[in-house]
Amino acid sequence: MHPNPAFHTRQEIENLAFARERGFGVLAVNGEDGPLLSHIPFLVDEDGKTVWLHLVRSNPIVRALSEKRPAKIAVSGPDSYISPDWYGVIDQVPTWNYVAVHLTGELELRPQEELHGILDRQSAHFEDRLVPKTPWTTDKMSDGVMTRMMRAIVPCRMVLSAVEGTWKLNQNKAPEVRQSAADHVDAYGQGTELKLLSALMRAVDGQT
């Protein structure tokens, strides 16, 4: 997380909503020889206290989970390089604007019989957004196929202890300077989801 408090303006409920909406991030767990990382889909419970996920059985993180372990999920949002020239004022330096949320907690393996329910809830979370498509469900699988495929993955749960968010949107700049940078992100940005990032930068001043 960026240390500047100017970029920590969102409440925990907003950071959780961002992570829940994204539903994908980088899981980090300490291993014997260094950090273990895995890109994963996940599901945040409605109460905001628990994250559910699954891992391929051969994943090194699974082998490290002989007991509960501290873990973190980094969830990335829109981002872009910001040129000093875009501010329209002198004596500026390059930077990178971005949104990111970190979920911290204790990760553990769960009984295999919980896996099917986790997968059903995860798929429903994303399928329900694909309107007007009829949601895919595991009932569409041929007899026995889902059971065989689930043997290769394991269910996990992370009980959250902290939720932190960085929304670095040039809040430390004057409104007209920030708006100028947002316009240039919209037109020339280098990163991801540039339209969303520029909109968030403008919204700092209550503009859209």
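The values are calculated or read from the model by the stated rules, or taken from the named source; none is laboratory data. All of these numbers come straight from a predicted model, not from anything done at the bench. All Cβ positions, even for glycine, are placed from backbone atoms using ideal geometry, and neighbour counts span all protein chains on display.
Within this structure, His125 passes the test of being assigned to a helix (DSSP H, G or I), under 24 Å from the mean Cα position of the chain (by Cα) and surrounded by 14 or more Cβ atoms within 10 Å (Cβ to Cβ).
Residues in the range 130-151 that are surrounded by 11 or more Cβ atoms within 10 Å (Cβ to Cβ) and assigned to a loop (DSSP other than H, G, I, E, B): Pro135, Trp136, Thr137, Met141.
When the range 5-35 is filtered for residues that are more than 15 Å from the chain's Cα centre (by Cα), surrounded by fewer than 16 Cβ atoms within 10 Å (Cβ to Cβ), of a type outside the set (Ser, Thr, Tyr) and not in a strand (DSSP E or B), the ones remaining, listed by number, are Pro5, Ala6, Gln11, Glu32, Asp33.
When we screen Val154, Val177, Val185 for residues that are under 30 Å from His54 (Cα atoms), in contact (Cβ under 8 Å) with a residue 60 or more places away in the chain and not in a loop (DSSP other than H, G, I, E, B), the only hit is Val154. Look at Ala162 and say whether it is farther than 20 Å from Gly23 by Cβ and at pLDDT 95 or above. No: the conditions fail for Ala162. Against the list (1) surrounded by 15 or more Cβ atoms within 10 Å (Cβ to Cβ); (2) closer than 22 Å to Val185 by Cβ; (3) small (Gly, Ala, Ser), the condition Ser38 fails is (2). With respect to (1) surrounded by 15 or more Cβ atoms within 10 Å (Cβ to Cβ); (2) farther than 30 Å from Asn15 by Cβ, the lone exception for Arg69 is condition (2).
Residues considered: His39, His102, His2, His54. Of these, the only one that is assigned to a strand (DSSP E or B), closer than 13 Å to Gly165 by Cα and of a type outside the set (A, V, I, L, M, F, W, C) is His102. Remark: Glu114 matches the filter, which requires a residue to be surrounded by 13 or more Cβ atoms within 10 Å (Cβ to Cβ), modelled with pLDDT of 95 or more and over 23 Å from the mean Cα position of the chain (by Cα).
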